[in-house]
Structure formats: structure tokens, C-alpha cells
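For reference, the structure is listed below as C-alpha cells.
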Amino acid sequence: MQTYLQTPIEYLKGVGSARAVLLQKELGVKTFEDLLEYYPFRYVDRTRFHTVRELRQLEGFAQLRGRITRIHTTGAGRGKRMVASFTDATGSIDLVWFKGLKWIEKSIKVGSEILVYGKAKRFGSNWNITHPEIEDFNPNQAARFEPVYHSGEKLTAKGLSTKGIAKLTQNLVANIKGKIPETLPHEVIEHYRLMPREEALIKVHAPLNIEEAKRAQFRLKFEELLFLQLELLMRKKIMAAKSQGFSFEQVGDVFNDFYANYLPFELTGAQKRVLKEIRMDLRKGEQMNRLLQGDVGSGKTLVALLTMLFAVGNGFQAAIMAPTEILAKQHFESISELVAKMDLKVAILTGSSRTKERRILHEALEAGEIDILIGTHALIEPKVKFKNLGLVVIDEQHRFGVAQRAKLQKKNTRPPHVLVMTATPIPRTLAMTAYGDLDVSVIDELPPGRKPVETQHRYEKARPQIFSFLKREIEKGRQVYVVYPLIEESESMDYLNLMDGYESIQRSFPRPEYQISMVHGKMKPEDKEFEMQMFASGKTQIMVATTVIEVGVNVPNASVMIIESSERFGLSQLHQLRGRVGRGAEKSYCFLMSGDKISKEGKRRLETMVETNDGFKISEVDLELRGPGDIMGTQQSGLLNLKIADLVTDGPIVTIARETARNMLKLDPKLQEPKHAFIRTKLKTIMRSKPNWSKIA
Ligand code: ADP
Ligand code: MG
């Protein structure tokens, strides 16, 4: 029966060779099946009739039944239009056309009963519908619920407007009864009460009402997402089979000792759950590839440390890689302090480690004398050799490239386990899909006692007030960040603004009462480091900076964040920046400074920041504003070529599709059972047709 669906589109009634070429070129529709899967993006409800009187209460689209009593042309030039008076038993309104006047004049018959469909608008005391759809009333025609398709200029020119396409799909679905095989096993259909595939394909194009359309869409979205999830899980399995990993059999004394004696605070529920997930991974004998997502300040570092202690307790070395020297140093200091009383050797390696130190370190690493190595990407250089590396933690994943992760795989006889940590929150259902071969753990809970950062959007004229506020905070012993944008395209202007800002802050906060630090990307690393240390140790009270401080920096005493030209920042950046304050016990503040003129989107971003501190909520707005393609980069864009499902809005369906895919593979790992025959064949085709992006994720 497949053969029917593979029929070239040319042979569908109403197509022919010229339109076939166009359909293929414009929509990629080559076969009957392609057209079946060219789904409407919305529906128009023509099942209801309204009266002219009702229009006055009605917002939006209406369908009327009545007669045209009079028609005339009026106005001149661009204002020239055709106006028809339309009447039903309850009143009359005007129908108006500005375009296609000749054609309208010819086709409209005064006095016969017609149907009118369109959006009614009020003009003073009059109501009218501009460019309505009109057709003869036919008492034998069933009430309709019409699909609307995306079309285009070229298609429309050849009669394939949204209506033209609808005619074709109606021709097609009229003939497919009995020709569409079911793809899903009976129990899945039962369990989720899905429409059978054939019915869904018919109803998605020709539903009787919105409920039917929704059920049809649900079935088709589910199926599409199920195949996507099956594909992801299959690829992951293939990868896992290829890369055997070390099995960490025990929790280990090192972990237990730390947990019992040195854990600085009770773990949050989320931290515990995530650790369990990691622990399960580590004993499976497969290489772990796990993404740990957690909002800024959710306590990822502690999870990283505990994970490294699993490795050490099983006789392996562990490494943690940070995106910047400043962060590597911070990790080194905080981790060294936490394990100070234990018999553990912790070392740091960064780009600025001296040659002699390096040599000693290299030797110690190879001899297995170092348990935990902390560093920047310097630690994945080929000349850095480990005795027995079992785990690598990568902090703030978005700063690391694919090639760097690949280097890691060669660091031992088997590839070390990998834990990738990121504070860039994306909705879980999207993450599950976007990160292909990575498993995802989420810390969705902040440590207790965190106060949300009070956030305000302020304009330039409020600056004097804000500066006096800063003075009061500094008097109380707090510290302040002032952050300027630095966007590549306008870099030199941005540096000027930064310097201007720095000078004006110096004027408003004069020495010796106030001490100011500044860091930006053009400074030498050691100068940056020096300024950061001055601020971290409280010797300076104000830190003027570009976004170099965005990631990870931890100065709990800093309680105010001022973001200049905040309308120019993206949402996730604003959230990261704000995450630099609110880390201590004090109430913290974030002021989003902006010019008077802000784009609509800019306003929405700032409003969102003012409204919420929740990184996941913020990421949802971000997603809405930018779209998933933008957020995940082009690598995964192939993934987003979905025909009917939407990874952003169909999150719940993603979840059940994932669950179904998991169960299916658990019970029938190779999909060899007869009831999975169709799925298996289709999956094979899909896997062959796509480049192996799962390696990239
Ligand atoms: P991030 O996830 O942004 O990397 P950190 O690991 O830097 O967050 O943790 C932020 C702060 O929260 C640190 O000061 C850390 O010591 C503290 N912290 C982490 N876990 C807990 C916990 N369970 N209870 C209390 N404080 C915690
Ligand atoms: Mg961190």
C-alpha cells in the first residue's frame, strides 16, 4: 500500500506537470505522501453563522448569510474602492474592496443569497468587512471547518493559494480510505487514545470541528516526536556500545568521608536526586555523557565535587575544566578549602602556570599523585597526561567547542566519564531533544534562604537617586557591579562608553573614600586577575566591567548590580549577570538602566527580568522571542525540521513520546517484534538520511 502514497504528485487530480514542478520547488512536495504531510497551520471555523446584529458583540471573524442589495465604486486614486451593501434579517453592513475591483464587479450578483466570511471592523457608527470571502449559498453543502495552509506568491499565481492547496488536499484525502497502514502498535494507540493514523491524516486536513482537528494533530505530533525520540535513543545506544566506559563499582571511602564529615550544608533535594542519577550512570560500564542544568546559584559546583569524589574513591583521577582563569582559580580555592582536611591532592593548571610548575605538575599527574586537577582548557592539551583519568567535569558548557570535547576522549584507554554543567536554562523537554546523546539532569531548586534579587528598570534621569542609593549600600559595607555592554559589531563605541562610564563613576565616587576596579576583555590576563582579586577581597567597592564577569564569578558581598544599556542585552545574559548578586545573606538589587527608546522586544525582556528571578521562566520567554533555532545554534537545526510538532509548545507531548520510546526499546531493544516492523523500517530510513549530528551535540 506504500506504493499509493509514493505516487508522484503530478498524478493527483488538479495538479498536472506544471504545478507538480512548482509544488516540489516551493514546498518540497513530490509525492502524495508529501502532500498528506503538508499540514495546515490553522483552521477557519465556517460551521457557525452569525447575524449582522451579532457582529457588534463579536470580535474577530464572522460568517454571514444574506444578500447584496447595492454595489458601487467610490473614491479616487489610492482611496478608490468598491462598496457593497449587505443585508440579512437583522440589519446591514458594508463590504469593501480596494483591490481586484473589476473581478469583484463581474462576480457579484446583486440579490442572490450568498455567504460572506471575514473580519468585521467598526468605523465610526458603521461596520464593515474589508476583502471578505464570498460564495453562493448552497443549502446542500455541509457546514465546514476549513484548513489553512501556508502558500506563497509563486504558488498563488498558479492557483495554489491556501484555498488552492486545500482543494488538492481534499482531493487526496477523499481517496485514501483503506490505503494508509497503521504505524504504531495497538497498545500505544490504546494507551494514549490516539486516532488511527489513517483517520488522523484525513481529519487533520478535513476536520468537522476544532476538537477533531486537535485530536488529529495530537496523534500526528505524537508520532513525529516518537520517531525523533526513538532516533535519539538509538543513536545514543550505538554510541554507548562503541564507547565502553569505566565502571565505578563503589561509592567509595573518599565520598563517604566527605559526606559524613565535611559537607558544608545539607544538600538540596534536587542536588541529591541529581547525584543519584550520576551515581547510576557511573556504575553502568558505559561512558557517562550527562548534562547538568541548574540555574545560577543552584549549587552545581558541590555536585561536581561530589562526583569527582566518586571517581577518586574508585581509584581514578578527576578533572574539572572552567571557561576562564578566574573561574578556574575560584574553583581551585573553594574545592581546596572544602577538602582541606582530607588526604587528597588538588592541583590547578591554567594558561599562566609557569613552565617549571607545569613540568612538576605533569610528572605528578602521570605518576598518579594528583587526584583532582582543576584548570582551563590548558588541561586538555595533548601533553597533559594522566595516570588514570576517570572523569571530566566541564563547567559552563557553552564556552567549550566540539573539538575540545573530542580531545578528552583520548585521555585514557577508555574515554573518561563526562559531566557537562550549564547555567543556560532551556526547558527540559527541549533539552532532552536538543542535546542528542547527552542525558539531562536538572537542579530545579535553589538552596534554602535565597532571596530574589529586587530588580527595577530605570531611565537615565533616575541616575542621581541610584548613585545615592549606591553610596548608602557601600556605607553598609556592600559592593557594587556596574556592567557595560560589549557587542562585537560596535566594539569601539562600546569601549568608549565603558571608559566614559568609568570616568563618570570616578567623579561621582571620588577617592579615597571609594575604590574602583575595572575589567574588560582588552586587558592583559594578569591585570584582569589583579582587579578581580581587589574586588573579591573587598579592597575595591565598585567593579566596572564588561560582560567578562558574566559567568560564574562569586563575590557574595556584592549586593548591587547595575546593567547599563540593558536593552541591548539578551535575556539569558541579563539573567547570568544578575546572578552575580544575591549570593550572600544581604538583600540584593539589580538596576536595569536604559535609554527612553526601546524596541518592543527589548521592553519585553526588561519586563520579564523585573517580573521573575526564575531562570526557566526567563528561558521560556527567551525561546518565544528568539525561537529555538537561535538558541541552540545551527548544529541542531536539522532537528527542528519538524512538520507538525513544535518543541517549544508541545513540551508535554515530547515527554510522553520520550517515555513511549524508552519503553519500546526496553522491551524490544532491536525493534524486532512484528508489531514494531513498520517503526523499524522507517527509523532505519531516517537514520540513514541524516548526518550524524549526535556526535556534535
Ligand atoms: P552554580 O550552580 O551557579 O555554579 P554554586 O555551585 O557556585 O552555584 O553555588 C552557589 C552558592 O550556593 C555557593 O556559595 C555554594 O556554596 C552555595 N550552596 C551550594 N549548595 C548549597 C546547599 N545545598 N545549601 C546551601 N548553600 C549551598
Ligand atoms: Mg558555577
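The values are calculated or read from the model by the stated rules, or taken from the named source; none is laboratory data. A quick note: this is a predicted structure, and the numbers were derived from the prediction, not measured. Here the Cβ positions follow ideal geometry from the backbone for every residue, glycine too, while neighbour counts run over all protein chains shown. What goes into the accessible areas is simple: the full protein's heavy atoms, side chains included, and nothing from ligands, DNA or RNA. Shrake-Rupley method; radii C 1.70, N 1.55, O 1.52, S 1.80 Å.
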Per the list (1) more than 14 Å from ligand 2 (Cβ to nearest atom); (2) over 33 Å from the mean Cα position of the chain (by Cα), residue check on E333 breaks on (1)
With criteria (1) more than 31 Å from the chain's Cα centre (by Cα); (2) surrounded by 15 or more Cβ atoms within 10 Å (Cβ to Cβ); (3) not in a helix (DSSP H, G or I), L184 comes up short on (1)
S17: passes all of (1) farther than 18 Å from I165 by Cα; (2) small (G, A, S); (3) open to solvent by 40 Å² or more (accessible area, probe 1.4 Å) but (1)
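Being among the hydrophobic types (A, V, I, L, M, F, W, C) and open to solvent by less than 60 Å² (accessible area, probe 1.4 Å) is the filter here; which residues of the stretch 265-277 pass it?
L267, A270, V274, L275
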Considering residues that are in a helix (DSSP H, G or I) and either more than 28 Å from N663 (Cα to Cα) or open to solvent by 10 Å² or more (accessible area, probe 1.4 Å) (or both), the number found within the stretch 229-264 is 19
The correct count of residues that are surrounded by fewer than 24 Cβ atoms within 10 Å (Cβ to Cβ) and either within 16 Å of ligand 2 (Cβ to nearest atom) or not assigned by TED's automatic domain parsing to the domain that holds I335 (or both) in the stretch 305-318 is 2
Tell me, please, whether a residue that is open to solvent by less than 60 Å² (accessible area, probe 1.4 Å), within 29 Å of the chain's Cα centre (by Cα) and within 22 Å of T608 (Cβ to Cβ) can be found in the stretch 457-469. yes
Flagged in the stretch 133-174 as loosely packed, with under 13 Cβ neighbours inside 10 Å and either without any contact (Cβ under 8 Å) to a residue 24 or more places away in the chain or of a type in the set (F, W, Y) (or both), in numbering order, are E135, N138, P139, N140, Q141, A142, E153, A157, A174
Filtering the stretch 292-340 for residues that are among the small types (G, A, S) and either within 13 Å of ligand 1 (Cβ to nearest atom) or part of a strand (DSSP E or B) (or both) leaves a count of 9
- Determine whether I370 is more than 25 Å from L291 (Cα to Cα), at pLDDT 95 or above and either buried (at least 21 other Cβ atoms within 10 Å of the Cβ) or hydroxyl-bearing (S, T, Y) (or both). yes
Taking the stretch 224-257 and keeping residues aromatic (F, W, Y) and over 21 Å from N412 (Cα atoms) leaves F227, F255
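Quick grid of which residues meet (1) away from ligand 2 (no atom under 16 Å from the Cβ); (2) modelled with pLDDT under 90:
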| site | (1), (2) |
| --- | --- |
| K524 | yes, yes |
| E529 | yes, yes |
| Q541 | yes, no |
| V548 | no, yes |
| G552 | no, yes |
| A558 | no, no |
| I562 | yes, no |
| R568 | yes, no |
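Residue by residue, here is whether (1) at pLDDT below 95; (2) among the aliphatic types (A, V, I, L, M); (3) more than 16 Å from ligand 2 (Cβ to nearest atom) holds:
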{"site": "A585", "(1), (2), (3)": "yes, yes, yes"}
{"site": "S588", "(1), (2), (3)": "no, no, yes"}
{"site": "G595", "(1), (2), (3)": "yes, no, yes"}
{"site": "K600", "(1), (2), (3)": "yes, no, yes"}
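Conditions (1) outside the structural domain of E586 (by TED's automatic domain parsing); (2) at pLDDT 75 or above, marked per residue:
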site: K410; (1), (2): yes, yes
site: G436; (1), (2): yes, no
site: Y459; (1), (2): no, yes
site: A462; (1), (2): no, yes
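Could you go through the stretch 507-523 and let me know if any residue there is within 16 Å of ligand 1 (Cβ to nearest atom) and open to solvent by 20 Å² or more (accessible area, probe 1.4 Å).
no
Being within 27 Å of I653 (Cβ to Cβ), modelled with pLDDT of 85 or more and touching an Asp or Glu at 6+ places or on another chain (Cβ under 9 Å) is true for just one of V442, V420. Which residue is that?
The unique qualifying residue is V420.
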Among the residues of the stretch 268-297, the number that are over 23 Å from R414 (Cα atoms) and within 16 Å of ligand 2 (Cβ to nearest atom) is 9
Screening P447, P485 for residues that are touching a Ser or Thr at 6+ places or on another chain (Cβ under 7 Å), in a loop (DSSP other than H, G, I, E, B) and open to solvent by 10 Å² or more (accessible area, probe 1.4 Å) leaves only P447
Going through the stretch 531-558 in order, the residues found to be within 14 Å of ligand 1 (Cβ to nearest atom) and not in a loop (DSSP other than H, G, I, E, B) are A536, I549, A558
From the option list K356, K284, single residue qualifying as assigned to a loop (DSSP other than H, G, I, E, B) and open to solvent by 40 Å² or more (accessible area, probe 1.4 Å) is K284
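A quick yes/no check of all residues on (1) more than 27 Å from R450 (Cβ to Cβ); (2) part of a helix (DSSP H, G or I):
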site	(1), (2)
M593	no, no
I598	yes, no
K603	yes, yes
T608	no, yes
F616	no, yes
V621	no, yes
L625	no, yes
Of the conditions (1) closer than 30 Å to R450 by Cα; (2) open to solvent by less than 60 Å² (accessible area, probe 1.4 Å); (3) at pLDDT 80 or above; (4) in contact with a Leu (Cβ under 7 Å, 6 or more places away or on another chain), the single one that I644 does not satisfy is (1)
Residue set I348, I394; condition aliphatic (A, V, I, L, M) and over 26 Å from R283 (Cβ atoms); output residue I348
Based on this model, can you work out whether L683 counts as under 20 Å from R197 (Cβ atoms) and either in contact (Cβ under 8 Å) with a residue 60 or more places away in the chain or β-branched (V, I, T) (or both)? yes
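Residues checked against (1) touching a helix residue (DSSP H, G or I) at 6+ places or on another chain (Cβ under 6 Å); (2) not β-branched (V, I, T):
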residue	(1), (2)
R458	no, yes
I466	no, no
V483	yes, no
D494	no, yes
P510	no, yes
E513	no, yes
K524	no, yes
